[in-house]
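J.: Let me begin by handing over the structure; questions about it come next.
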Amino acid sequence: MSEPQPQRSDRRVAVVTGAGQGIGYAIAAALAARGVQVVLTDRNAGTGEAAAKELGGVFLPLDVADPAAVAATADEVVRRFGQVDVLVNNAGIAHENDALEVTDEIWNRVLAVDLTGTFVACREFGRHMVGRRSGSIVNISSIAAFIGSNPEYHVAYDVAKAGVSQLARSLAVEWARHGVRVNAVAPGRTRTPILDTVGMDDPERMTQWIGQIPMGRLLEADEIAAAVVFVALDGSAMTGQTLLVDGGQIAQ
Ligand SMILES: NC(=O)c1ccc[n+]([C@@H]2O[C@H](COP(=O)([O-])OP(=O)(O)OC[C@H]3O[C@@H](n4cnc5c(N)ncnc54)[C@H](O)[C@@H]3O)[C@@H](O)[C@H]2O)c1
């Protein structure tokens with residue numbers, strides 16, 4: 001007897017990595033508000049479970065730096081929902097170190113989560129999208145992909161995010177003929193817990209940051225989420241792009 005086929009969902013299905021808090025949570029909320037079935041994943045089960053409960057989504061624990069777990073999660077989503085329409089690669093970590101103090105361990109960890117984690121998720125979820133000839137991937141990049149950040153330095157993060165934007169270009173070209181779009185959204189400095197790791201509690205640094213942003217304020221997570229939803233669901237002719245949402249920082 002053949003295996004029962006999973007039921008196809010009548011709602012679009014989106015997977016968001018690192019969705020327990022910050023920008024990932026805001027993206028999951030904005031997708032849910034558009035009627036999308038959201039699968040929230042995070043390595044932190046506490047925040048992830050709570051977020052999924054609040055948003056009426058499903059939580060699956062996932063550390064994106066574990067390739068076997070990423071592949072298993074992609075299979076699990078398809079087994080449960082029959083499809084995956086949208087993947088948002090949002091999980092990421094920051095660091096703050098002068099380049100001469102960046103150890104091999106720091107470099108490898110940041111690249112493993114921010115760049116390799118993003119590629120592996122594109123590959124494992126993309127496998128299902130390419131097979132079904134439909135899908136939309138949004139990778140969360142950063143203004144750090146385009147500039148050397150200051151006053152805080154984080155070369156491993158900058159390089160990882162440049163790679164995330166390049167992944168969108170390379171995969172977009174390769175998968176366009178398979179009906180799969182791949183883009184990136186690059187936020188400027190956004191008020192979330194990640195900024196605590198690079199000095200949000202330092203008033204002098206906050207003044208420097210805001211001075212670098214023509215709009216004169218940090219960005220809010222739901223402003224980034226609105227751009228992600230546009231690119232993921234509405235930008236049907238957009239692929240290979242990185243959309244900057246930075247309050248004008250790069251334009252000056
Ligand atoms: N906040 C900003 O100013 C800013 C600016 C540019 C880009 N970004 C990017 O936006 C994304 C979200 O950042 P945020 O500000 O919401 O950060 P955050 O620290 O508030 O949230 C990150 C989430 O990712 C999860 N996570 C971290 N490592 C993970 C892993 N290995 N596997 C699975 N989940 C993991 C965390 O548990 C957390 O829930 C990141 O990719 C970040 O680089 C943020």
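J.: Looking at this structure, is Val70 within 15 Å of the ligand (Cβ to nearest atom), in contact (Cβ under 8 Å) with a residue 24 or more places away in the chain and not small (Gly, Ala, Ser)? Can you show your working first?
T.: Working: within 15 Å of the ligand (Cβ to nearest atom): yes; in contact (Cβ under 8 Å) with a residue 24 or more places away in the chain: yes; not small (Gly, Ala, Ser): yes.
Yes: the conditions hold for Val70.
J.: Within segment 125-147, can one find any residue that is crowded, with 24+ Cβ neighbours inside 10 Å, within 14 Å of the ligand (Cβ to nearest atom) and part of a loop (DSSP other than H, G, I, E, B)?
T.: Yes, segment 125-147 contains at least one residue that is crowded, with 24+ Cβ neighbours inside 10 Å, within 14 Å of the ligand (Cβ to nearest atom) and part of a loop (DSSP other than H, G, I, E, B).
J.: I've got another one for you. For segment 230-244, what are the residues that are open to solvent by 50 Å² or more (accessible area, probe 1.4 Å) and within 14 Å of the ligand (Cβ to nearest atom)?
T.: Correct list: Leu243, Leu244.
J.: Within segment 79-94, does at least one residue satisfy the condition of being among the charged types (D, E, K, R) and within 15 Å of the ligand (Cβ to nearest atom)? Write out each step before concluding.
T.: Start the filter on segment 79-94 by keeping residues that are among the charged types (D, E, K, R), which leaves 79-80, 85.
In the following step, the residues that additionally are within 15 Å of the ligand (Cβ to nearest atom) were identified as none.
Checked segment 79-94: no residue is among the charged types (D, E, K, R) and within 15 Å of the ligand (Cβ to nearest atom).
J.: Residues of segment 217-229 being open to solvent by 60 Å² or more (accessible area, probe 1.4 Å) and touching a strand residue (DSSP E or B) at 6+ places or on another chain (Cβ under 8 Å), which ones?
T.: Glu220, Glu223
Yes or no, residue by residue, for (1) out of contact with any His (no Cβ under 9 Å at 6 or more places or on another chain); (2) acidic (Asp, Glu); (3) more than 29 Å from Gly117 (Cα to Cα); (4) open to solvent by less than 40 Å² (accessible area, probe 1.4 Å):
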| site | (1), (2), (3), (4) |
| --- | --- |
| Ala168 | yes, no, no, yes |
| Ala176 | yes, no, no, no |
| Asn183 | yes, no, no, yes |
| Pro187 | yes, no, no, yes |
| Thr190 | yes, no, no, yes |
| Pro193 | yes, no, no, no |
| Asp202 | yes, yes, yes, no |
| Gly211 | yes, no, yes, no |
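J.: Which residue out of Asp104, Asp63, Asp98 is more than 24 Å from Ser170 (Cβ to Cβ), within 10 Å of the ligand (Cβ to nearest atom) and of a type in the set (Asp, Glu)? Walk me through it before giving the result.
T.: Details: Asp104 fails: within 10 Å of the ligand (Cβ to nearest atom); Asp98 fails: within 10 Å of the ligand (Cβ to nearest atom).
Being more than 24 Å from Ser170 (Cβ to Cβ), within 10 Å of the ligand (Cβ to nearest atom) and of a type in the set (Asp, Glu) holds for just one of Asp104, Asp63, Asp98, which is Asp63.
J.: Among the residues of segment 148-181, how many are within 16 Å of the ligand (Cβ to nearest atom) and outside any helix (DSSP H, G or I)? Write out each step before concluding.
T.: Pass one, segment 148-181, residues within 16 Å of the ligand (Cβ to nearest atom): 148-168.
Next, only the ones that are outside any helix (DSSP H, G or I) stay: 148-154.
Total meeting the criteria: 7.
J.: Still on this structure: Do any residues in segment 75-104 that are open to solvent by 30 Å² or more (accessible area, probe 1.4 Å) have Cβ atoms under 6 Å from those of residues that are in a loop (DSSP other than H, G, I, E, B), where the two are at least six apart or on different chains, and which pairs are they?
T.: Arg79/Pro6; Phe81/Ser9; Glu96/Glu152; Asp98/Tyr153
The values are calculated or read from the model by the stated rules, or taken from the named source; none is laboratory data. All figures in this text were calculated on a predicted structure; none of them were measured in a lab. Because the Cβ atoms are built from the backbone with ideal geometry, glycine has one as well, and the counts that use them run over all protein chains shown. Note: areas computed on protein heavy atoms with side chains; ligands, DNA, RNA excluded. Shrake-Rupley method; radii C 1.70, N 1.55, O 1.52, S 1.80 Å.
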